[in-house]
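What follows is a short report on a single structure.
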Amino acid sequence: MEKMTRYRQLIRQLFNSYAQATVQYPREGVERVLIMNEERGHYQLMTLGWHDQKRVKWLTLYVRCKDGKIWIEHDAIESGFANELIDAGVPATDIVLAFHAPESRELVKLAAA
């Protein structure tokens, strides 16, 4: 199986498990929204709704596949999505923490770009 096809499948599985985990602890008026564009390799997990008369709109996780790597654009997962990917067998050199400035990425043992 091609590397990026395998990565997309893994990302989809992890995102689905995050979305399922939140169903176990529902908050009235708030929902988890899973957005996947498989064709373009974009994956988002958001929390949307209303709680205590306040709008809830929170981006939990945004990942995309680009240039043969997994780019983590936003990560509010407690364990860290990069750690989840590494635990699943993705080489650190194929993971980019895009939310860090390019010059800072070299300090982390992941791909700089």
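The values are calculated or read from the model by the stated rules, or taken from the named source; none is laboratory data. For clarity, every value in this text was computed on a predicted model and none was experimentally measured. Because the Cβ atoms are built from the backbone with ideal geometry, glycine has one as well, and the counts that use them run over all protein chains shown.
With respect to D67, is the statement that it is out of contact with any strand residue (DSSP E or B) (no Cβ under 6 Å at 6 or more places or on another chain) and under 21 Å from A19 (Cβ atoms) true? It is false that D67 is out of contact with any strand residue (DSSP E or B) (no Cβ under 6 Å at 6 or more places or on another chain) and under 21 Å from A19 (Cβ atoms).
Selection of first residues in region 84-104 that are at negative phi and crowded, with 17+ Cβ neighbours inside 10 Å and of second residues that are modelled with pLDDT of 90 or more and not in a strand (DSSP E or B), restricted to Cβ pairs under 6 Å at least 6 apart or on distinct chains, gives the following pairs, ordered by first then second residue: E84/L14; I95/A82; I95/L85. Does L61 satisfy the criteria of being more than 20 Å from L97 (Cβ to Cβ), in contact with a helix residue (DSSP H, G or I) (Cβ under 7 Å, 6 or more places away or on another chain), modelled with pLDDT of 90 or more and outside any loop (DSSP other than H, G, I, E, B)? The answer is no for L61.
Can you tell me which residues in region 28-58 are charged (D, E, K, R) and part of a strand (DSSP E or B)?
E31, R32, K54, R55, K57
What pairs can you find where one residue is in region 1-30 and modelled with pLDDT under 80 and surrounded by 10 or more Cβ atoms within 10 Å (Cβ to Cβ), the other is of a type in the set (G, A, S) and not in a helix (DSSP H, G or I), and their Cβ atoms are less than 8 Å apart, with a gap of 6+ or different chains? Filtered contacts from region 1-30: R27/G49. Would you confirm whether or not region 65-73 contains a residue that is charged (D, E, K, R), in contact with a Lys or Arg (Cβ under 8 Å, 6 or more places away or on another chain) and in a strand (DSSP E or B)? Yes, there is a match, as at least one residue in region 65-73 is charged (D, E, K, R), in contact with a Lys or Arg (Cβ under 8 Å, 6 or more places away or on another chain) and in a strand (DSSP E or B). Considering only residues in region 45-58 that are at pLDDT 90 or above and either among the basic types (K, R) or in contact with a Ser or Thr (Cβ under 8 Å, 6 or more places away or on another chain) (or both), the one that is nearest to E84 (Cα to Cα) turns out to be L45.
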